[in-house]
Amino acid sequence: MKDLSRRDFLKLAGLASGALAMSRFSPKFLRRQSGKPNVIVFVFDAMSARNLSLYGYKRNTTPNLQRFAERANVYHNHHSSGNFTTPGTASLLTGTYPWTHRAFDVAGLVDRNLTGQNIFTAFDSGYHRLAFSQNLLPNYFFGQFARDIETILPVSSFCRIEQSMGETFARDLPAANRAFDNFLFQDFATPASLVFGLADRILLRSREARTTDADYPRGLPRAGDQPLFFHLAEVFDGVERVIRELDSDRPHLAYLHLWAPHAPYKPTKDFDAIFQDGYRGVKKPDHRFGDHKEFYKLLGRRQNYDEFIANVDAEFGRLIDSLEASGTLENTHVVITSDHGELFERGVDGHVTELLYEPLTHVPLVISSPGQQERRDIYSPTNSVDVLPTLLNLTQHPVPDWTDGVLLPGLGGVEDMERSQFTVEAKTNAAYAPLTKATVAMIKGNYKLIYYTGYEAEDSFELYDLANDYEELEDLYPAQPSFSNALKDELLEKLDSVNAKYRKP
């Protein structure tokens, strides 16, 4: 593995600037001649398909993504296999469901026996494999897969303010980030090191107070509770430089996980308050597993979220236009997706929840292939586990038998409305034990069955017809016993199968 420090990256960017400037006027300057296509995967953290105008949302949040989609496959019924970063990202990287990869909890890891089964290893050394995430959690997976990743960019790349102590130990960035930034010096919680943790926090607050930016009336965006503050335009400019520098005689796989539009939602002044339109959506009753947040507060949070999505979309449009002008996209498969969505209903704000409603699990998937000139809309159910086998097939790599996914319709696969696909939430369940405290959703055709187990004295189910009940308001489970029981039996049989390995003799 080659670790590229932030300082080394900036030096590299400076040395390459002349060549990059030339490439802007010569689109073929950086084009590969081998004929093998590049692959770029953009993962926009916490981007729900339900809040994108691309998928019919009332607010015009994604005009640039819609423009890009005019030459891409657009998947309308695509779901993440998890409702937060760890399981959702692990499924993208491994092509397996959470009950296979076992990355359940917030900072969980892929089963060590399965670390050789991932997208970077499957692409082999014929590709230059690069990984970058502004979120620490995917970086833990990069550490597990490091032997098959040539370049891992530090989490602090492209930041205005960064105080990541873990990056001092460059030989094992993921472990160092976990030990220092997530444990000894963690922010917004009592750090394990009271003395050094307090000093670190005071220094960070001082640096934050001294950094002002008129473009950001709510303050600079921050990567959650990590000591990383960034400017959206600079992140996208940095990503563009990285992509263009990789475009050489060797094909590449670039996996790029960007923090935005994840909370905190802090758009620039051009997008702040652009959706003061009175839109309220549907008021839904609080769920018994919800946090009982007030509806009017959730409306405000959703508005901020929509504004941040629009801001991200504008930067994405600028990036794609630049890459197209340089010729970089002429031989590149571009994937746009997310690890999970966000929820602003039923008393819940965000995605730290046991719930698996559509705003949390329905995520975008848009894939543009070299030479594609028209839009294709696909409505059959698909899942994040399908991305890995599809990309391998598109680049003429063998599809391994360990993946839980199938080829996406329109890209080697066929539409199958009766296929069952799953989402799992089990952050409080032991990683190497049967799933006994979890929420599992199964989508089959237009129907979605949600199973809650281990939270209450009795297990419970909910059933929704997504085709006729977009907002998931009418629970059909008690009203259609025969149909409900057939789906219930299938889901429980699947769980029994995956749990068998972890039951004590």
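The values are calculated or read from the model by the stated rules, or taken from the named source; none is laboratory data. Since the structure is predicted, the reported quantities are computational estimates derived from the model, not experimental observations. Note that we place each Cβ from the backbone using ideal geometry, even for glycine, and neighbour counts take in every protein chain shown.
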Can you tell which of 388, 407, 394, 411 is more than 16 Å from residue 99 (Cβ to Cβ), free of Cβ contacts under 8 Å to residues at least 24 places away in the same chain and not acidic (Asp, Glu)? 407
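Kindly indicate whether residue 468 is surrounded by fewer than 13 Cβ atoms within 10 Å (Cβ to Cβ), in contact (Cβ under 8 Å) with a residue 12 or more places away in the chain and more than 25 Å from the chain's Cα centre (by Cα).
Values: surrounded by fewer than 13 Cβ atoms within 10 Å (Cβ to Cβ): yes; in contact (Cβ under 8 Å) with a residue 12 or more places away in the chain: yes; more than 25 Å from the chain's Cα centre (by Cα): yes.
Yes, satisfied.
Here is a check on your reading of the model: is residue 339 assigned to a loop (DSSP other than H, G, I, E, B) and either surrounded by fewer than 22 Cβ atoms within 10 Å (Cβ to Cβ) or of a type outside the set (Val, Ile, Thr) (or both)? Don't jump to the end; show me each part of the working.
Numbers: assigned to a loop (DSSP other than H, G, I, E, B): yes; either surrounded by fewer than 22 Cβ atoms within 10 Å (Cβ to Cβ) or of a type outside the set (Val, Ile, Thr) (or both): yes.
Criteria met by residue 339.
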Test residue 405 against the stated conditions and say whether it is over 19 Å from residue 81 (Cβ atoms) and at pLDDT 95 or above. no
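Residue by residue, here is whether (1) surrounded by fewer than 22 Cβ atoms within 10 Å (Cβ to Cβ); (2) on the phi < 0 side of the Ramachandran plot; (3) part of a loop (DSSP other than H, G, I, E, B) holds:
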{"site": "43", "(1), (2), (3)": "no, yes, no"}
{"site": "47", "(1), (2), (3)": "no, yes, yes"}
{"site": "61", "(1), (2), (3)": "no, yes, yes"}
{"site": "65", "(1), (2), (3)": "no, yes, no"}
{"site": "71", "(1), (2), (3)": "yes, yes, yes"}
{"site": "81", "(1), (2), (3)": "no, yes, yes"}
{"site": "89", "(1), (2), (3)": "no, yes, no"}
Residues in segment 182-193: is at least one among the acidic types (Asp, Glu), modelled with pLDDT under 70 and surrounded by 17 or more Cβ atoms within 10 Å (Cβ to Cβ)? yes
Can you find a residue that is more than 27 Å from residue 106 (Cα to Cα), among the hydroxyl-bearing types (Ser, Thr, Tyr) and either surrounded by fewer than 15 Cβ atoms within 10 Å (Cβ to Cβ) or in contact with a Pro (Cβ under 6 Å, 6 or more places away or on another chain) (or both) anywhere in segment 443-456? no
All positions within segment 352-366 that are in contact with a helix residue (DSSP H, G or I) (Cβ under 8 Å, 6 or more places away or on another chain) and among the β-branched types (Val, Ile, Thr): 353, 363, 366
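Kindly establish whether residue 353 is of a type in the set (Val, Ile, Thr), assigned to a loop (DSSP other than H, G, I, E, B) and touching a Gly at 6+ places or on another chain (Cβ under 8 Å). Spell out how you get there, then give the answer.
Values: of a type in the set (Val, Ile, Thr): yes; assigned to a loop (DSSP other than H, G, I, E, B): yes; touching a Gly at 6+ places or on another chain (Cβ under 8 Å): yes.
Against the criterion (of a type in the set (Val, Ile, Thr), assigned to a loop (DSSP other than H, G, I, E, B) and touching a Gly at 6+ places or on another chain (Cβ under 8 Å)), residue 353 qualifies.
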Of the residues in segment 471-505, those that are without any contact (Cβ under 8 Å) to a residue 40 or more places away in the chain and part of a loop (DSSP other than H, G, I, E, B) come to 474, 475, 476, 477, 478, 479, 480, 504, 505
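Table: residues versus (1) closer than 16 Å to residue 258 by Cα; (2) buried (at least 17 other Cβ atoms within 10 Å of the Cβ).
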residue	(1), (2)
203	no, no
211	no, no
214	no, no
218	no, no
221	yes, yes
233	yes, no
236	yes, yes
240	yes, yes
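Among the residues of segment 398-424, what is the count of those that are part of a loop (DSSP other than H, G, I, E, B) and in contact with a helix residue (DSSP H, G or I) (Cβ under 9 Å, 6 or more places away or on another chain)? Full working, then the answer.
Residues of segment 398-424 part of a loop (DSSP other than H, G, I, E, B): 398-408, 410-412, 414-419.
Pick out the ones that are also in contact with a helix residue (DSSP H, G or I) (Cβ under 9 Å, 6 or more places away or on another chain) and you get 398-400, 402-408, 411-412.
Adding up the residues that qualify gives 12.
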Is it true that some residue in segment 288-303 is within 22 Å of residue 223 (Cβ to Cβ) and either modelled with pLDDT under 95 or among the charged types (D, E, K, R) (or both)? yes
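Determine, yes or no, whether residue 88 is out of contact with any Phe, Trp or Tyr (no Cβ under 8 Å at 6 or more places or on another chain), of a type outside the set (Ser, Thr, Tyr) and either modelled with pLDDT of 95 or more or within 24 Å of residue 340 (Cβ to Cβ) (or both).
Details: out of contact with any Phe, Trp or Tyr (no Cβ under 8 Å at 6 or more places or on another chain): yes; of a type outside the set (Ser, Thr, Tyr): yes; either modelled with pLDDT of 95 or more or within 24 Å of residue 340 (Cβ to Cβ) (or both): yes.
Criteria met by residue 88.
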Residue within segment 448-458 that is of a type in the set (Val, Ile, Thr) and in contact (Cβ under 8 Å) with a residue 40 or more places away in the chain present: yes
Of all residues in segment 264-311, which are of a type in the set (S, T, N, Q) and part of a helix (DSSP H, G or I)? 303, 304, 311
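Count, please, the residues in segment 392-426 that happen to be touching a strand residue (DSSP E or B) at 6+ places or on another chain (Cβ under 9 Å) and closer than 28 Å to residue 495 by Cα. Steps first, please.
First, pick out the residues of segment 392-426 that are touching a strand residue (DSSP E or B) at 6+ places or on another chain (Cβ under 9 Å): 393-395, 404-411, 413, 415-426.
Keeping just the survivors that are closer than 28 Å to residue 495 by Cα gives 404-409, 413, 415-426.
Residues flagged as touching a strand residue (DSSP E or B) at 6+ places or on another chain (Cβ under 9 Å) and closer than 28 Å to residue 495 by Cα within segment 392-426 amount to 19.
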